[in-house]
Amino acid sequence: MYGIFMECFVALKLYGGNGVLLLMFVAAALFITFCEKDIKKKIVLGILPLVILVGFLFPVTKIVYVALFDDGSDTYYRILWLIPMYIVIGYGACKALMGIKREAVRRGIFALMVLVIAVTGSFVYANQYMSVAENLYHIPQNIIDICDVIAPDEGEPRVRAAFPSELVHFVRQYNTNILMPYGREMVVTQWDYYNAVYEVMEKPEVIDAKALLEATRQTKCHYIVLSDSRKINGNLSEMGLTVVENMHGYTIYSDPEVQ
Amino acid sequence: MISIVGEVVKLIFWLFCAPFLIGVLFNFILPKEKKSLGVTFLLGVLIYLACFEVIAIYCMTTIMYSAFAYCVKYFLILAWILIALGIARAFYALYVKKDRSLIFNTEALGELKKQAKLETKIYWLIFFALVIFQLVMALVMASFDGDDAYYVVESLLAQQADVMNTILPYTGNSTSLDIRHALAVITMWIGFIAKVSGVHATIVSHSVIPLLFIPLVYLVYVEIGKALLKSRQDMVPVFMIIVSFLMMFGNVSHYTPATFFLMRTWQGKAMVGNLVFPLIFWIFLEMYGSVRGSNNEEPASVDKTAAKRGYLWIMLALVNMLSGMCSAMGVIFGTGLIALLTLLLLVFSRNFKVIIGAALSVVPNLVYLALYFSIWTSGM
């Protein structure tokens with residue numbers, strides 16, 4: 001039980017990041033619990049959120065949750081979404097401000113509160129996974145350019161292309177007429193699937209050209225897109241493939257043997 | 001250029017005008033003080049999405065080929081009927097009866113405007129500036145999330161291949177109905193918006209949907225603020241500024257609702273955490289507020305206030321439908337949350353009828369789960 005409790009505690013710590021958000025929430029909930037006169041608000045925004053938080057840390061909750069959901073261990077933190085954290089902090093802050101009689105002091109404290117949230121928090125737009133959009137699709141422009149080269153015209157049959165793993169997330173977000181021998185399911189390491197093309201294209205440091213060709217032909221890949229930075233122990237052009245184009249550091253090969 | 005303007009007009013119509021007009025049609029269920037533009041729009045969005053959910057699940061589970069094309073066709077018919085009736089109701093109220101109060105209560109807003117101090121107005125301006133900043137950032141900043149390779153592609157497959165969850169998004173191979181995600185038809189609704197507007201579904205997901213859902217979430221928080229700060233409405237913009245700062249600076253980990261809200265706005269789970277759960281809280285705050293004794297100025301009898309809560313139970317049922325549309329997780333979590341909050345309502349009101357209201361409002365959740373398990377066990 002202690003082990004499960006620690007797992008819950010670690011999940012809470014991971015959720016809270018630097019912990020200031022959780023601290024603000026607990027402080028606001030306690031403040032509402034002790035200072036709010038309206039019994040309903042006291043219970044709903046003070047006591048209940050704290051009870052849910054304690055319930056989250058209670059090992060039996062996690063045991064039941066994991067038994068109910070397939071991916072229970074990964075998504076247990078979502079129980080914390082049931083806590084109206086932003087409402088509690090917002091209302092607690094307003095309640096505290098309403099208790100300040102002098103307007104100038106109240107304004108100053110309000111500005112300070114907002115400053116504390118900004119300084120101790122993490123600006124969402126500065127996240128490492130955020131970047132300036134290159135287009136309205138919000139996918140890298142190089143993917144769009146590569147896909148435009150290999151995508152079939154209207155009315156033509158769909159094509160299958162093997163892409164390096166760093167591109168697979170985006171290809172079909174742009175054009176579903178491009179099929180792939182493997183996609184995102186191979187990139188998520190914990191899912192641990194097997195795919196013949198992925199095995200020869202992505203796993204080895206030096207790609208075995210013959211094995212790659214064999215795998216892509218078995219899966220009927222019309223195109224192979226290879227990063228110029230990848231090492232390969234043969235020349236695909238000499239093995240019957242045609243270089244369609246080289247762009248953005250990737251070479252697009254087409255395989256005339258695959259119809 | 002003309003085609004771009006046309007696409008923008010269609011997007012505005014199907015994202016804002018259509019739900020609003022549907023809200024106008026049905027806002028007779030709202031009490032006078034709640035017939036604001038915001039609550040009417042909220043009600044319209046809930047009904048609009050609930051109608052889509054029913055049609056989408058029906059088409060997905062019964063039609064083998066081109067299911068999405070049928071889904072679009074059937075929903076368009078229903079939506080146009082509701083929109084036409086909404087226009088007719090507005091026309092009747094404004095031009096036949098010449099009584100705007102039949103559809104909107106603008107008195108309260110007018111009075112608030114008159115009473116508002118300069119300081120309050122400045123706070124509102126700051127809040128609106130923060131929302132506009134977030135909308136601009138939603139357009140100009142791109143976030144990477146691996147799950148998009150699934151959800152966004154599902155929407156695009158609906159638009160480009162007329163299928164409903166029967167092609168593997170990752171590779172493009174055919175598959176049986178993926179029940180784990182299939183009933184969460186929010187991806188299909190995004191596909192619908194893409195189809196009727198002619199805009200690529202990935203653009204709709206990443207660049208357009210946030211323009212609807214970010215203001216919608218804040219609208220819910222405004223209503224929460226109004227419910228909590230009944231006697232101090234001047235504090236509502238202060239509450240909203242704090243909430244919007246918590247959202248913008250809430251990326252303390254990958255798991256917070258704020259992170260999901262601004263980085264994965266278009267995904268069902270982001271909507272569950274940021275729209276559905278706050279909506280449930282708002283509805284219950286309204287119910288708690290309507291119970292005698294919450295406020296010294298409210299002497300209404302228990303029975304009267306119970307009757308006034310009817311529209312809230314209807315809205316709660318619609319929120320539950322939205323929850324299922326977003327994520328199966330939302331259905332289970334939402335039911336648990338409703339049970340907890342109903343228990344408190346029962347304690348506060350000492351009126352056993354609330355159990356009936358709560359039970360009826362979770363009927364969509366029970367139907368959803370029954371469908372989920374029946375498809376799961378049949379291996380469709």
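The values are calculated or read from the model by the stated rules, or taken from the named source; none is laboratory data. Note that the structure is predicted; figures quoted are calculated from it, not measured. Glycine also receives a Cβ, built like all others from the backbone with ideal geometry; neighbour counts cover every protein chain displayed.
One table, with the values for the structure above:
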quantity: Qualifying residues in segment A:99-150 (those that are closer than 30 Å to A:Thr242 by Cβ, away from chain B (no Cβ under 11 Å) and surrounded by fewer than 17 Cβ atoms within 10 Å (Cβ to Cβ)) - the one farthest from the chain's Cα centre (by Cα); calculated: A:Val149
quantity: Filtered residues of segment B:257-285 (kept if out of contact with any strand residue (DSSP E or B) (no Cβ under 6 Å at 6 or more places or on another chain), facing another protein chain (nearest Cβ under 7 Å) and within 16 Å of A:Ser122 (Cα to Cα)); calculated: B:Pro257, B:Thr259, B:Leu262
quantity: Scan of segment A:15-33 for residues that are over 14 Å from A:Ser122 (Cα atoms) and within 9 Å of another protein chain (Cβ to nearest Cβ), ordered by number; calculated: A:Met24
quantity: Identity of the residue in segment A:76-98, hydroxyl-bearing (Ser, Thr, Tyr) and at the interface with chain B (Cβ under 7 Å from one of its Cβ atoms), that ends up nearest to B:Ile332 (Cα to Cα); calculated: A:Tyr77
quantity: Some residue of segment B:118-138 being crowded, with 18+ Cβ neighbours inside 10 Å, within 12 Å of chain A (Cβ to nearest Cβ) and in contact with a strand residue (DSSP E or B) (Cβ under 6 Å, 6 or more places away or on another chain); calculated: no
quantity: Residues that are surrounded by 14 or more Cβ atoms within 10 Å (Cβ to Cβ), of a type outside the set (A, V, I, L, M, F, W, C) and assigned to a loop (DSSP other than H, G, I, E, B), drawn from segment A:58-98; calculated: A:Pro84
quantity: Checking B:Gly289 against (1) part of a helix (DSSP H, G or I); (2) under 25 Å from A:Gly72 (Cβ atoms); (3) modelled with pLDDT under 95, the condition it does not meet; calculated: (2)
quantity: Identity of the residue in segment B:149-189, among the charged types (D, E, K, R) and touching a residue at least 60 places away in the same chain (Cβ under 8 Å), that ends up farthest from the other protein chains (Cβ to nearest Cβ); calculated: B:Asp162
quantity: Which listed residue is modelled with pLDDT of 95 or more, assigned by TED's automatic domain parsing to the domain that holds A:Ile150, closer than 20 Å to A:Ser165 by Cβ and touching a Leu at 6+ places or on another chain (Cβ under 8 Å), from A:Tyr223, A:Tyr250; calculated: A:Tyr250
quantity: Criterion violated by A:Ile139 - all others in (1) farther than 28 Å from B:Phe144 by Cα; (2) in a loop (DSSP other than H, G, I, E, B); (3) touching a residue at least 12 places away in the same chain (Cβ under 8 Å) satisfied; calculated: (1)
quantity: Residue selected from segment A:167-198 under the condition touching a strand residue (DSSP E or B) at 6+ places or on another chain (Cβ under 8 Å) and surrounded by fewer than 21 Cβ atoms within 10 Å (Cβ to Cβ), by the criterion nearest to the other protein chains (Cβ to nearest Cβ); calculated: A:Asn177
quantity: Qualifying positions in segment A:173-192 - at pLDDT 95 or above and touching a Lys or Arg at 6+ places or on another chain (Cβ under 9 Å); calculated: A:Thr176, A:Asn177, A:Ile178, A:Leu179, A:Met180, A:Pro181
quantity: Cross-chain or 6+ apart pairs with Cβ under 9 Å, segment A:34-50 first and touching a residue at least 24 places away in the same chain (Cβ under 8 Å), then among the basic types (Lys, Arg) and assigned to a helix (DSSP H, G or I); calculated: A:Cys35/A:Lys42; A:Cys35/A:Lys95; A:Glu36/A:Lys42; A:Glu36/A:Lys95; A:Lys41/A:Lys95
quantity: Among the residues listed as B:Ala116, B:Ala142, B:Ala67, the single one being under 24 Å from the mean Cα position of the chain (by Cα) and on the phi < 0 side of the Ramachandran plot; calculated: B:Ala142
quantity: Residues satisfying the stated conditions in segment B:27-84, i.e. closer than 19 Å to B:Ser155 by Cα, in a helix (DSSP H, G or I) and of a type in the set (Gly, Ala, Ser); calculated: B:Ala50, B:Ala56, B:Ala67, B:Ala69
quantity: Selected residue (criterion: surrounded by the fewest Cβ atoms within 10 Å (Cβ to Cβ)) from residues of segment A:221-253 that are without any contact (Cβ under 8 Å) to a residue 40 or more places away in the chain and in contact with a Phe, Trp or Tyr (Cβ under 9 Å, 6 or more places away or on another chain); calculated: A:Asp228
quantity: Pick from segment A:34-46, criterion part of a helix (DSSP H, G or I) and within 10 Å of chain B (Cβ to nearest Cβ), ranking: nearest to B:Ser253 (Cα to Cα); calculated: A:Leu45
quantity: Qualifying residue in segment B:195-211 (condition: among the polar types (S, T, N, Q), within 12 Å of chain A (Cβ to nearest Cβ) and either free of Cβ contacts under 8 Å to residues at least 60 places away in the same chain or surrounded by fewer than 20 Cβ atoms within 10 Å (Cβ to Cβ) (or both)); calculated: yes
quantity: For A:Phe170: the one exception among (1) assigned by TED's automatic domain parsing to the domain that holds A:Gly234; (2) part of a loop (DSSP other than H, G, I, E, B); calculated: (2)
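For (1) facing chain A (nearest Cβ under 10 Å); (2) surrounded by fewer than 23 Cβ atoms within 10 Å (Cβ to Cβ); (3) out of contact with any Phe, Trp or Tyr (no Cβ under 8 Å at 6 or more places or on another chain); (4) in a helix (DSSP H, G or I), each residue gets a yes or a no:
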{"residue": "B:Gly191", "(1), (2), (3), (4)": "no, no, no, yes"}
{"residue": "B:Gly225", "(1), (2), (3), (4)": "yes, no, no, yes"}
{"residue": "B:Met240", "(1), (2), (3), (4)": "yes, no, no, yes"}
{"residue": "B:Val243", "(1), (2), (3), (4)": "yes, no, no, yes"}
{"residue": "B:Tyr255", "(1), (2), (3), (4)": "yes, yes, no, no"}
